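> Got a structure for you, questions after.
The values are calculated or read from the model by the stated rules, or taken from the named source; none is laboratory data. As the structure is a prediction and not an experimental result, all values here were calculated from the model. Positions of Cβ are generated from backbone atoms using ideal geometry, with glycine treated the same way; all protein chains shown enter the neighbour counts. In case anyone asks, the SASA skips ligands and DNA or RNA and just uses the protein heavy atoms, side chains included. Shrake-Rupley method; radii C 1.70, N 1.55, O 1.52, S 1.80 Å.
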Amino acid sequence: MNSIIELPGDSWTQAVPAEAQDRAIDNLEEGRVLYFPHLAFALLPEEEAFLRPTWSSGGAKNIGFERETGKIWGVSGSETEKAALSQMLRRYADSTRELLLNLFPTYAASLMQARTSFRPIEIAGRSSSYRKDDTRLHVDAFPSRPTGGRRILRVFSNVNPEGKPRCWRIGEGFREYAQRFASRVASPIPASRFLLSLTGVTKGYRSLYDHYMLGLHDQGKLDSEYQRQSPQEPFAFPPQTTWMCFTDQALHAVDSGQYLLEQTFHLPRAALRRPELSPLTVLEEIVGRPLCARPR
Ligand code: SIN
Ligand code: FE
């Protein structure tokens, strides 16, 4: 299926040759996963203490960090330990930002850095509702965090110390997936999206685009037949490797793995080299109407 492209880079900070930049942006915007088998996020010796599942507090699956404010959540630990973990997440946030600026200089002016996460819990055997079950193929869309048409670009680094890979599956292309499920997404009830934002259920207004993306996410996960039968390519990302993709476009699922760092970025459609491939444009074609009054 050719949904994963290997790139030779081994540095977070080095300039990337123009040819490699071109190859990277084309494949990324076509919905592939860019895989860097030689790019490790090396933990400092004192940070290795964080490779234990007990750092995660009360049922939260991820530890979250916001670079801009320095806020950290989902951690159980003393203030000193929280500060040290924040430092590690800040280093990851800074490294991934630098990598993206080197790889995609044309995104630089519009790239927005969102949350950083640390995922210390083993995926295999973890139970959750179907909506939260990331072992089912899906594109990312979050009920409380509408993007208003902005892209979701995520960078992942496996920091597992025991040699355990992060096992993913990558599914069919976004257009095929959207064509299959868009007609199953119910039209939104008038005024409901406004109420969601007014009452604080959503952080900001859930655009029609967000409504459809959430619908695709839910309908795809609900369809067990599709989950079993649809084309999908398994791939195991070994420890000490990094990969990235537009997770709102690349259909993905995770089967197993423990200790992952992840950084989310947002990007407006207007910053893309090929906006015609974005989920917003593809969905607008399928649904036959504009889905964002003012795409962000
Ligand atoms: C996901 O984005 O669905 C989960 C990815 C992961 O934790 O490996
Ligand atoms: Fe996901």
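> Straight-line reach from residue 82: which aspartates and glutamates have a Cα under 20 Å away, not including same-chain ones fewer than 8 places off?
46, 47, 48, 66, 68, 94, 262
> Compute the acute angle (0 to 90°) between the alpha-carbon long axis of helix 79-103 and the principal axis of greatest extent of the alpha-carbon atoms of the chain; round to the nearest 10°.
Result, in degrees: 60.
> Also: Once phi is turned into θ = phi - 60°, what whole-Hz ³J(HN,Hα) does the Karplus curve with 6.51, -1.76 and 1.60 give for every residue of the range 249-254, x standing for Gly and Pro?
Computed from phi, the couplings for the range 249-254 are 10, 7, 5, 9, 8, 10 Hz.
> Please find, in a Gaussian network model of the chain (springs between Cα atoms separated by less than 10 Å), the residue of 265, 142, 174 whose mean-square fluctuation is greatest.
Highest fluctuation among the options: 142.
> Follow-up. Accessible area of the chain with a 1.4 Å probe: how many percent of it is carbon plus sulfur?
Within the chain, the accessible surface is 52 percent carbon and sulfur.
> Another question about this same structure. With the other protein chains left in place, how much accessible area per residue, in square angstrom, belongs to the range 1-96 at a 1.4 angstrom probe?
52 Å²
> Need one value: the accessible area of residue 106 in square angstrom, 1.4 angstrom probe, rounded to the nearest 10.
100 Å²
> Sorted by average packing, counted as other Cβ atoms within 10 angstrom per residue and highest first, what order do 88-101, 269-282 take?
Taking the mean over residues of other Cβ atoms within 10 Å, the ranking is 88-101, 269-282.
> Amide H of residue 115: which non-local residues (sequence gap of 5 or more, or other chain) have their own amide H closer than 5 Å, using H built in the peptide plane?
264
> Explain nothing, just the number: relative contact order of the chain, from Cα pairs under 8 Å at least 6 residues apart, as a whole percent.
30 percent
> Shifting gears a bit: Hey, what does the equivalent ellipsoid look like for the chain, semi-axes from the Cα gyration tensor as sqrt of 5 times each eigenvalue, largest first, whole Å?
Semi-axes (√(5λ), whole Å): 29, 23, 20.
> Which value, in Å² and to the nearest 10, is the accessible area of residue 212 when all protein chains are kept and the probe is 1.4 Å?
20 Å²
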